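Derivation of every value follows stated rules applied to the coordinates shown; laboratory data play no part. Bear in mind the structure is a predicted one, so any value in this text is a computation, not a measurement. We place every Cβ from the backbone using ideal geometry, glycine too, and count neighbours over all the protein chains shown.
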Amino acid sequence: MTDRITSVPVGGRSGMISNVPSRRDGPSDGNLVDSNPTRWLLRCMAVAGPCYVVISLLQAFTRTGFDPRIHEWSLLALGSLGWIQTANLILTGALLVAGAVGLARAFPTRERGRRFAAALLAGYGVSCVAAGAFAADPAYGFPVGAPDGRPPTSSLHALLHLTFGGLGFLCLIICCFVVARIAARHRRIRDAWISLIVGVLFSCSFAGIATGAGNPVINLAFTGAIVLSFGWLTAVAAVLLGRLGRGLQPAPGPGRS
């Protein structure tokens, strides 16, 4: 069956694309793969952040002894109810890996950087799963009964938690910059700036938490950066879903046409 040949505007600009498939399954010769599986995978990417943030916030304000000003969300994986945050991290990671597949499928196959961006997002998802599997050490009085401050030495599982977490955050930061580059190449300047700013802010907050953990200002800034970055991922997924629904070539970034 041949595809219906159409020409549609991209992002309200004068650029045109052709060979947009009239069926849900797109061809592989440089066009986007617009199918129901792609939409479901992007929905996984869209809900990953809200699920993680809501579940973490509910615990942060209900767990005995947890102070959001000085305790990182990773400490929620400790104690008798720690399994909730462990499951939260693993579920979030799985959703992000699925979303990474959707991200790769949603961009046109000839889009430079699409596989790199998807691989970085998948790396972040895998790191969330690994961080859930290896818990941090008790610190700053949490769980109740733990000593104040950080322990003098770190356990193996805590070192693995920090290693995987750090690698995952690095993947997320680079992903922001890659998407910014793709958006700039499509002359979506606002989207490029948003992605760039998210990447820079998260980089600064990550550097801060690595050197000043336990400081209320730094800890709250890092928590805010986590929420911001997940919001950015949700926005990117929502934009791609919207453009797939309209049969347009996906334009990366959190803005709308």
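Ordered by the number of other Cβ atoms lying within 10 Å of each residue's own Cβ, fewest first, Leu201, Leu244 fall into the sequence Leu201, Leu244.
Max-minus-min Cα coordinates of the range 142-204 on each principal axis give 54, 20, 15 Å, with the largest extent listed first.
Taking the Cβ-Cβ separation of Thr62 and Ser154 as r and a Förster radius of 25 Å, what is the calculated FRET efficiency to the nearest 0.05? Please report the intermediate quantities before stating the final value.
On the way: r = 28 Å, r/R0 = 1.11.
Computed FRET efficiency for Thr62 and Ser154: 0.35.
Each other residue within a Cβ distance under 15 Å of Ala146 adds +1 if Lys or Arg and -1 if Asp or Glu, for a net charge of -2.
Suppose each label sits 7 Å from its Cα in the direction of the beta carbon; what would the Ile197-Cys51 distance come out to in nanometres? Placing both labels 7 Å along Cα→Cβ, they lie 2.9 nm apart.
A Förster distance of 30 Å, applied to the separation of the beta-carbon atoms of Asn215 and Arg190, puts the FRET efficiency at 0.35.
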